[in-house]
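The values are calculated or read from the model by the stated rules, or taken from the named source; none is laboratory data. On a predicted model such as this, the values are computed, not experimentally measured, just so you know. Note that each Cβ is placed from the backbone with ideal geometry, even for glycine, and that neighbours are counted across all protein chains shown.
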């Protein structure tokens, strides 16, 4: 008799995968759990780094793949992608019959997972609820909290906020973020591979031995029209600094085109001697690269989370990470060429910061797996007030 | 130049229509607003009373019709109906380009409206948020609150709850429920039409001159398997009471089949001398019928809202209206033949109750229309804590 | 090593199931084939006889279920049902990776199977191509022929027609219809069960010992508005004949509502002493019932096929079976009460006809299975002229 | 009273637009016709040249836009794109209520138009049926012929073939191809604009005054895996020829990625001194460019059609245009670097050919518009044999 709890985890994007990799491992190892891994949306697409390849290389068995990204690089397409996701995931859940569905964070398409599971009376677990930022994710994240039955949050302030939202405190757990579990692995690792050789990419190949910057800037969904202007400020600032820089292509989002087009146009019209562009990189390699970077620039949540634990200085640009808890390693600036340039110089001088546990201590995956085995199976809930 | 605000209202079911009829009229009359009426889901279907016919008879112009109900009478179908709804409504919104989208209450398919609008950066207004019940609607309703930008709630306790959910108090308005606006119209009206002649239906045609009961019992979505057992308790209780009864067919929901099948089977196997079955009835006629009923039995929210204002005694069965504010006119019972029978007898003896304003005083439609013209157009929000 | 060819068969409706039952059995028994059975559309729905229950009772393992019927009983809903079917079946085929996909006949939703398979470069086999009728099926059937790679047709004239359509004659096989395989099983069987007791249903329970009529009349899709008028002519004719009659509810199609409503209304307003209504019946029982019937009335293709082999007299009404090959057992009439009545009387007097092999001799399932194992796996074709 | 016939034309890709531009103009000018222009699929997407911009610049009013391209660059995504297209177009047709729907050619997604229209009983007109090629289009094109009610074909052999397919000869019209109408306009025009300045693009800017080659090579859908190898043969051949060359990016299709990636990789790793790459070009400018080119190389149907009329020498690579009627201007070669190189040199020496009317004489748009006004409105048809 198979009495294992079946845990379906839906991964929809490259960054979400690093957020749950140690959880997936912990579920797989757990004697009383069975992993049902579903890979969907941009995690399947070449344009956005084919997270699916890393997942398969890491040895995970994929139970179902769901293609649901509608082209259009506009907000209508984002809505439709969610609609198609619900249609498809309903069938997948109907076939796999999971005991619990796990959805991660707050990308627009995670709503599809949350709706399919909760409408089908499957208990829903949500990772990384309760955080605060300044864009559309804000609506999606808290709406998912109201659909979810269990909450695995990444910080104390997030826990407080989820409880204030009327959730049962007994089902809100501050486990820290599983992404910190990975950061712990590279804490003391030097750059031990040649990124140009291993990951290709395009552009110059500056010498990294005296240190380098890393850039990762995503479009901000509700400021669609401005994406191109934003990226250009960063491009100009970095070009002027003229130091070795490794730049990561943005992942999908409405507005992606503004950002991508901005980068492509800049490359066509400028000689850029010190910047190399990567499409993507295996998670541990990326963290190792970060761990040895002088500064991370952009608006990735990696700067807020993993870099807090690693002590890497960060220049965080614009509103995307607004109001998220952060360690001392972060300096915030606006979309402004000069401000970015100055902040980077200043952070280079600061050097590494001490460890911060604000997003957990490195065992989130195991904690969450244990809890998934223990929580009561229920999908019926009432607001607490 | 057309500087009117375009207000898209999405009606997805027969009961939702009565909830917004006076709002639709108020928008239409308002010199600075333009109504874009979208009719979708079960509101278009014959099986569920074709609300669309009443809407057209009431003289409203329909801007778009959206067929999105997937057959299957199961929870997977409910999820998919929502997915298809998002796909279709995105296109509709993309064509109509409304300034504000209005979604009503908490039926599962209203989530499609909320997601399409919020993902497309269209300000979203929600009617009847902040209430508490004991089934899946609980998840949907509060999730929509977290997606909505403006909240038009129906009672003081609902207002308090929406604010506790972290919404900006300046955009939460207790306008009362527009359904009470209609109740006000029939407050003093006697039964002035022959329901058998005007609405057909099937079954016996008992004499209504000495009073009658009205029954309206919907399946409860998260108790799918039990729908048939529930309806049979009510059927037996009413059959034993053997008094003139007008019974309304349930509207769509996962589990509808249990309820409908139960009624059909009961009719095949029992002689029922005093019960007439209706599929549906025009709103004002239905309220007039209710206003003159001895007791309303079942789990319709009409018992909680309109009947509070009208003072009609109600026997409310089961968990569907749990924790909703109610006036003194309601007696709650479990799914139990004897309990139902006793409660009905006792309520018959009570007779009419005085007016209660717990769900508003009859001008909600106009209040909401005025506010829709005045609220700032915005789709960007942050939780208040 | 598993070198069996994987054969995916998609069953979308009750009548299609009887068309392929012996093929499914033959695939299952074949040592070099593996059956992947997919049940979709109305075959899953209670309203249309839940073919899925019979399939499971017959011991078949179902690889995937696909809910894709959109409500609306109109032509827009039929189109959308097909669109949803393609979306879902693509995912199913992507997971099951069949070597050949088999689609049956010409119901509107079979197009979804044909498109998903041919667009995904999966060799497509079509059963019952090349026939001629007078309604929309005509477009669908021949379009599927042009998408299909192998053709298993049911008569010589069908074979000629498929070849004329430019298909490679080496891949067009006249195997006869698998439905005749089932007819062969009941050829000498008397009515050996009590249909009222075994299948329930509603209405009178006339004595069957002196013979009975069977009626099965479906709406005709391109004559949507007329469905109700058509069925009423038949209802009146049969009511006047006043002999024991077993009437089968129609299966889904745009216009179903006209037919169903017509039957329901007639039942409400007339005393019908000699007619019993069934929702559905297990295939072999149904054939046994037919084999012992005096006449089959309506427009079911069962009258054209199985009844040719069984020699049962048929009164075929209207255009639905126009131009299909038929044996001597069929009399055609228009939608006309008097014509129907006269033709039935005349056919009752005729009595049973001799066997006709026009649709095959009873071993179609095995022939097709053998061929599915032998045909070259290819999805690339060119018109022959 | 508006008694104009409403003609809905669905344009789904850049090349389809040039195929129907003069028809759109002729419908617009016709006093008894009303144009309903629907733009869908890749015609809306930046990646594939945003045909929608040219359409709007040409002054056409767009009645509806339909985003339905699902990402994935694989065959499953192509199938799903069709499914979503049906879902969306059904709603569009339901709102616009056209009298006739026009679908163009044989791209995989045109099937969505054909199915939505024919399932909704809207008479369907098909342009460019009856042609023969050697890939998947072969299935799609003839299947659409079997769904269509009127056929406007581009050559005599196409007309013969459509009639052989069992279509009513009275509704099959050889009007020639509307794309020739545009070719007629540029027949005597010299290159009168600077393509680099007007259309940007990337790469070298070779001097065009002594003549130039044009390349346009699309992936071939059923040879998905080989797309990259194919394009590389052409890239190498052209690079070795080392003459001024204008290269056009391929439009979307399953396998597009192989082709695009091939080009990008080649550009990264080779110095290419004489090739300029364009994403797209306004139709008339493109034809003018072609009219003055020494040779067109690739597999575009422009080489077969417009170039026949213009007399431009063509080197046609691979199977994509197999068996299509052609003039004397075409030399066919395999995917082979040396063969391509030799054929180009030989065609350069040939110089311009005389006009061929094989695809019509330049008034197809007006002929078709006239016929759309005259054909009987019907959606019911029977095969002729």
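One table, with the values for the structure above:
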quantity: Test result for residue C:118, more than 17 Å from residue C:16 (Cβ to Cβ), out of contact with any helix residue (DSSP H, G or I) (no Cβ under 9 Å at 6 or more places or on another chain) and touching a residue at least 12 places away in the same chain (Cβ under 8 Å); calculated: no
quantity: Members of segment B:137-166 found to be at pLDDT below 95, surrounded by fewer than 24 Cβ atoms within 10 Å (Cβ to Cβ) and touching a helix residue (DSSP H, G or I) at 6+ places or on another chain (Cβ under 8 Å), listed by number; calculated: B:137
quantity: Residue in segment B:169-180 that is within 14 Å of chain A (Cβ to nearest Cβ) and on the phi < 0 side of the Ramachandran plot present; calculated: yes
quantity: The listed residue being at the interface with chain C (Cβ under 10 Å from one of its Cβ atoms) and within 18 Å of residue D:90 (Cα to Cα), out of D:143, D:148; calculated: D:148
quantity: Any hit, segment B:67-85, residues being farther than 25 Å from residue A:88 by Cβ, outside any strand (DSSP E or B) and away from chain A (no Cβ under 14 Å); calculated: no
quantity: Within segment C:93-133, considering residues that are surrounded by fewer than 24 Cβ atoms within 10 Å (Cβ to Cβ) and part of a helix (DSSP H, G or I), the one nearest to the other protein chains (Cβ to nearest Cβ); calculated: C:94
quantity: Failed item in (1) surrounded by 24 or more Cβ atoms within 10 Å (Cβ to Cβ); (2) modelled with pLDDT of 95 or more; (3) more than 10 Å from chain C (Cβ to nearest Cβ), with residue D:60 passing the rest; calculated: (1)
quantity: Per-region count, segment A:53-74, residues in contact (Cβ under 8 Å) with a residue 24 or more places away in the chain and closer than 17 Å to residue A:260 by Cβ; calculated: 3
quantity: Residue tally, condition in contact with a strand residue (DSSP E or B) (Cβ under 8 Å, 6 or more places away or on another chain) and buried (at least 17 other Cβ atoms within 10 Å of the Cβ), over segment B:361-372; calculated: 5
quantity: Subset of segment A:22-50 that is assigned to a loop (DSSP other than H, G, I, E, B) and within 20 Å of the chain's Cα centre (by Cα) - its residue that is nearest to the other protein chains (Cβ to nearest Cβ); calculated: A:45
quantity: Pair list, Cβ < 6 Å and 6+ apart or interchain, from segment B:323-334 residues that are touching a residue at least 40 places away in the same chain (Cβ under 8 Å) to residues that are not in a loop (DSSP other than H, G, I, E, B); calculated: B:324/B:304; B:325/B:157
quantity: Odd one out for residue A:305 among (1) touching a residue at least 40 places away in the same chain (Cβ under 8 Å); (2) surrounded by 24 or more Cβ atoms within 10 Å (Cβ to Cβ); (3) closer than 21 Å to residue A:243 by Cα; (4) under 18 Å from the mean Cα position of the chain (by Cα); calculated: (3)
quantity: Check on residue D:176, touching a helix residue (DSSP H, G or I) at 6+ places or on another chain (Cβ under 6 Å) and not in a loop (DSSP other than H, G, I, E, B); calculated: no
quantity: Residue check for residue B:14: at pLDDT below 95, within 17 Å of the chain's Cα centre (by Cα) and surrounded by 22 or more Cβ atoms within 10 Å (Cβ to Cβ); calculated: yes
quantity: Which listed residue, of B:378, B:342, is surrounded by fewer than 24 Cβ atoms within 10 Å (Cβ to Cβ) and at pLDDT 95 or above; calculated: B:342
quantity: Unmet criterion (only one of (1) in a helix (DSSP H, G or I); (2) within 9 Å of chain B (Cβ to nearest Cβ)) for residue A:53; calculated: (2)
quantity: The listed residue being modelled with pLDDT of 95 or more, surrounded by fewer than 19 Cβ atoms within 10 Å (Cβ to Cβ) and not in a helix (DSSP H, G or I), out of B:192, B:207, B:188; calculated: B:207
